[in-house]
Amino acid sequence: MNFSVLMSVYCKENALFLDEALRSIYNQTVKPTEVVLVQDGPLSRELYAVIKSWKSKLNIVDVLIKENVGLGAALNEGLKYCRYDFVARMDTDDIALEERFEQQLSILTSLNVDVCGSWISEFDDDPSIILSIREVPEKHCDIVKFSKSKNPINHPSVMFKKRVVEQSGGYQNVLYFEDYFLWLNLIKAGFVFYNIPAALVHMRAGFNQLSRRSGYLYFKRELYFYKCCYKNKLLPAGHILKSLALRMPIRLLPKVIIAKIYTLIRNRKT
């Protein structure tokens, strides 16, 4: 089965993490036909060295962008170079379990499904020490309900049909929420979702990720996201107001307290 892996890397990323991510792709029980790797602006020597070291093992398709444009725009550019309809997303600091692609391809080819995600396990430095499991609903009807209040798909775990993402306009300029906005657009368009109820990706968490999800700037971006959802009739006004009331005060709390809140939420069953 031919399929593409879509990744984006930029200069501030860790070369060792990229190496681990590419190794986890190479170790898959079903390997991708190509890895479309978007270089979002000039990279460090270390990152270039890692990419070069994997070119003989993985069919890496380089997509070069002169200046850093951000994740959403970089993925849209990379999607143009994906030759196959099945596209798996992968972050450059995460680790895919060996059967991830095999399981997702089985779902996408045997069921009436357009987008297939999974649970993810979060770790800090050691992937064998799991901090929490981010569970999301399995079936489409429950995913739709869940999407009214939370992101229903773990972006680093997703495999989708390229044509449905293109038909929905791809990733939009909604910084930090490009994927959530995309899923809501796909749901509105009537496409079918499914989440495999198992953690198929180890996602690197920790303080840096937490920092990106708090503070006044993130507060403003989240508010803009909800405005776009309201304008495009993706979420009911009541759900937006409820989410704002619950989430916005949390964004401005000290990071130590936010970390405890996230851990409690992610360990709860949906």
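The values are calculated or read from the model by the stated rules, or taken from the named source; none is laboratory data. Computed from a predicted structure; not experimentally measured. Counting neighbours? That spans all protein chains shown, and the Cβs are built from the backbone with ideal geometry, glycine included. Surface accessibility is based on the protein's heavy atoms, side chains included, excluding ligands, DNA and RNA. Shrake-Rupley method; radii C 1.70, N 1.55, O 1.52, S 1.80 Å.
Give me the percent relative contact order of region 132-250, please, defined on Cα pairs under 8 angstrom at least 6 residues apart. List each step's numbers first, then the result.
Values: 86 pairs, mean separation 36.4, N = 119.
Once divided by the residue count of region 132-250, the mean separation gives 31 percent.
If only the Cβ of Lys and Arg carry +1 and only the Cβ of Asp and Glu carry -1, the dipole of the chain around its Cα centre is close to 1140 debye. Amide H to amide H distances under 5 Å link ALA205 with PHE123, ASP124, where only residues 5 or more positions off or on other chains count and H is placed in the peptide plane. Sequentially through region 100-117, phi angles give Karplus couplings (6.51, -1.76, 1.60; θ = phi - 60°) of 4, 5, 4, 5, 5, 4, 4, 5, 5, 8, 9, 10, 7, 10, 9, 9, 10, x Hz, Gly and Pro residues having no value and appearing as x. Our summary gives the chain a relative contact order of 20 percent, counting only alpha carbon pairs under 8 angstrom and 6 or more residues apart.
What does the helix-only formula give at 222 nm for the chain: each DSSP H stretch with n ≥ 4 adding -39500 (n - 2.57), the total divided by the residues, and the result rounded to the nearest 500 deg cm²/dmol?
Values: 11 runs with 118 residues, N = 270.
About -13000 deg cm²/dmol.
Each listed q (0.10, 0.13, 0.17 Å⁻¹) maps to a log10 I(q)/I(0) for the chain from the Debye sum over equal C-alpha point scatterers, namely -0.49, -0.87, -1.60.
Among DSSP bridges having both ends in region 110-200, what percentage is antiparallel? Round to the nearest 5.
Working: 6 of 11 bridges.
Bridges in region 110-200 are about 55 percent antiparallel.
The long axis of helix 15-26 is offset from the longest Cα principal axis of the chain by roughly 80 degrees. What does the C-alpha gyration tensor say about the overall shape of region 127-208? Classify as rounded when a/c is under 1.5, otherwise prolate if a/b is larger than b/c, or oblate. Prolate, because a/c is 1.5 or more and a/b exceeds b/c. When DSSP beta bridges are limited to those with both residues in the chain, what percentage is antiparallel, rounded to the nearest 5? Around 30 percent antiparallel, to the nearest 5.
For region 56-135, what class follows from the C-alpha gyration tensor (a ≥ b ≥ c being the square roots of its eigenvalues): rounded when a/c is under 1.5, otherwise prolate if a/b is larger than b/c, else oblate? In terms of gyration-tensor shape, oblate.
Give me the percent of accessible area attributable to carbon and sulfur for the chain, probe 1.4 angstrom. Kindly include the intermediate steps, with their values, before the conclusion.
Details: 7330 of 13290 Å².
Reported share for carbon and sulfur atoms: 55 percent.
Here LYS150 is the anchor, and the aspartates and glutamates within straight C-alpha reach of less than 18 Å, apart from those fewer than 8 places off in the same chain, are GLU122, GLU135, GLU138, ASP142, GLU178, ASP179, GLU222. Cα centroids of region 160-204 and region 105-144: 12 Å apart.
Determine the relative contact order of region 1-132: mean sequence separation of Cα pairs under 8 Å and six or more apart, normalised by residue count, in whole percent.
Values: 214 pairs, mean separation 44.5, N = 132.
With pairs under 8 Å counted, the relative contact order is 34 percent.
Taking every Cα-Cα distance in region 1-56 and sorting them into 10 Å bins from zero, the calculated P(r) comes out as 22, 58, 18, 2 percent. Using only the alpha carbon atoms of region 64-184, find the Kirkwood hydrodynamic radius as the inverse mean reciprocal pair distance, in angstroms to one decimal. By the Kirkwood definition, the hydrodynamic radius is 15.6 Å.
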